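Contents: one structure, followed by commentary.
The values are calculated or read from the model by the stated rules, or taken from the named source; none is laboratory data. Predicted model only: the values in this text are computed from it and were never measured. Cβ coordinates were reconstructed from backbone atoms using ideal geometry, including for glycine residues, and neighbour counts include every protein chain displayed.
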Amino acid sequence: CRALPARTNSLVIVLDGPQTPAVPPRKQLVFSFMDTHVIDHPLAAALLTTMRDERTDNPSFRSALRQLTQMLVYEAIRDAPVEEFDVRTPVDTARGVRIAHPPLLVPVLRAGLGMVEKASSMIPQSRVGFVGMARDEQTHQPVPYMESLPDDLAGYPVYVLDPMLATGGSMVHTIELLVQRGADDVTAICVVAAPEGVAALSESGFPVRLVTASIDQGLNENAYIVPGLGDAGDRQFGPR
Ligand code: PRP
Ligand code: URA
């Protein structure tokens, strides 16, 4: 699979089609017109490498995730509108700014928990909602088990925090919960995305953009991202 270019408002992804001995490999073109930003920075690449490395222990994985979250949120909020106001310096008055509409942060439990503390410390005025979602590892379908969200999200920017966008089922379901509450400005912030997940998000038709550190090759037979980084929940908190 390949995704071009690194920073774009529309993305063309070439997915490997089904491959059996009887059917020669074929390519399927998926056109994604979703606003997609793949961060391109050597520090982000180094942190992602630490997270991918199977020798990285739980505390080091959580630490790298926190630091990479900082870079992802930094990019996600880059074009946010600001309000100007005056501050007194020890010397004079300076024109300052603050984020005009701080977002609602929504970590998807469990794995998104490792992103929320850093994101909320960067945007202290942000509110936090929660969605609990566990993927059924046989069917690969999301199984929601908890939600705690404000009732009315119309006009409210929402940042969904989940390190992994694999089939996209968990993210699409989470965004559906947000859209039911009127959300019309959603940003999915993911460490690693599979092309299949990007396509699912784009095809959902929901008002969403994606900020990620990588679009990987694809999914394996267990719907794990390849090369990916394994199970992001287990790698932070240990096996269930
Ligand atoms: C992981 C991950 C996403 C989901 C991605 O969570 O954090 O929520 O899988 O897969 P999808 O795109 O195919 O839906 P998981 O269900 O393993 O739960 P956990 O966070 O509790 O480990
Ligand atoms: N969930 C994960 O944690 N990792 C994957 O690769 C896919 C789903």
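Only residues that are under 17 Å from the mean Cα position of the chain (by Cα) and away from ligand 2 (no atom under 14 Å from the Cβ) were counted in region 143-171, giving 4.
What do you reckon, is Val211 within 23 Å of Pro102 (Cα to Cα), within 12 Å of ligand 1 (Cβ to nearest atom) and crowded, with 17+ Cβ neighbours inside 10 Å? It is false that Val211 is within 23 Å of Pro102 (Cα to Cα), within 12 Å of ligand 1 (Cβ to nearest atom) and crowded, with 17+ Cβ neighbours inside 10 Å. Out of region 84-117, which residues are assigned to a loop (DSSP other than H, G, I, E, B) and among the β-branched types (Val, Ile, Thr)? Matches in region 84-117: Thr89, Val91. Return the total of residues in region 156-172 being buried (at least 24 other Cβ atoms within 10 Å of the Cβ) and either at pLDDT below 95 or polar (S, T, N, Q) (or both). Within region 156-172, residues that are buried (at least 24 other Cβ atoms within 10 Å of the Cβ) and either at pLDDT below 95 or polar (S, T, N, Q) (or both) number 1. Among the residues making up region 228-240, those that are at negative phi and part of a loop (DSSP other than H, G, I, E, B) are Leu229, Asp231, Pro239, Arg240. The set of residues in region 173-186 being of a type in the set (Val, Ile, Thr) and buried (at least 21 other Cβ atoms within 10 Å of the Cβ) consists of Thr174, Ile175, Val186.
Taking the criterion of being hydrophobic (A, V, I, L, M, F, W, C), near ligand 1 (Cβ under 9 Å from one of its atoms) and not in a loop (DSSP other than H, G, I, E, B), the residues of region 132-168 that qualify are Met133, Ala134, Val143, Met164, Leu165.
Among the residues of region 180-227, those identified as more than 14 Å from the chain's Cα centre (by Cα), near ligand 2 (Cβ under 10 Å from one of its atoms) and outside any strand (DSSP E or B) are Asn220, Asn222, Ala223, Tyr224, Pro227.
Among the residues making up region 46-60, those that are part of a helix (DSSP H, G or I) and either crowded, with 19+ Cβ neighbours inside 10 Å or touching a residue at least 24 places away in the same chain (Cβ under 8 Å) (or both) are Leu47, Leu48, Met51, Arg52, Asn58. The set of residues in region 221-240 being within 12 Å of ligand 1 (Cβ to nearest atom) and touching a strand residue (DSSP E or B) at 6+ places or on another chain (Cβ under 7 Å) consists of Ile225, Gly228, Leu229, Ala232. For region 74-85, the criterion of being among the aliphatic types (A, V, I, L, M) and over 17 Å from the mean Cα position of the chain (by Cα) is met by at least one residue.
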